[in-house]
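A short worksheet on the structure shown next.
No value in this document is a laboratory result; all are computed from the given coordinates. Quantities reported herein were computed from a predicted structural model and do not represent experimental measurements. FYI the Cβ positions are ideal-geometry reconstructions off the backbone, even for glycines, and counts take in every protein chain you see.
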Amino acid sequence: MVTLDIMNGALGYHDLPWDRWDKEGAVFVEADASTDHLSNDVLSVVKHAKFINQDLPEVCLQGEKFFAENNAEAIRSGRVKFQPNDFFTEQPVKGLVEIC
């Protein structure tokens, strides 16, 4: 698993080589995703990758609402999913590139 710390480091998400990672079957997991404007922005750059956005259950509901209002196709197509998870617990998704 590769972990990229873009929130606390010097990198901005637009500095990352998304096109290099944009392959069929690529899935990005963002722990503590909030309503996840990040995956919404990155969807405009990538064509194949999918996103699993993790946060507390009530925050996931807010994220789903945000996408329903701003990018419903991302949810309908399965490219964006919200998964309730407390990032202080073990990560349930294994072997993926994780954005945290």
Stretch gain in nm, segment Asp41-Phe88, where the contour uses 0.36 nm per residue and the Cα spacing is subtracted: 14.3 nm
Relative packing of peptides 17-26, 46-55, 74-83 - highest average C-beta neighbours within 10 Å first: 46-55, 74-83, 17-26
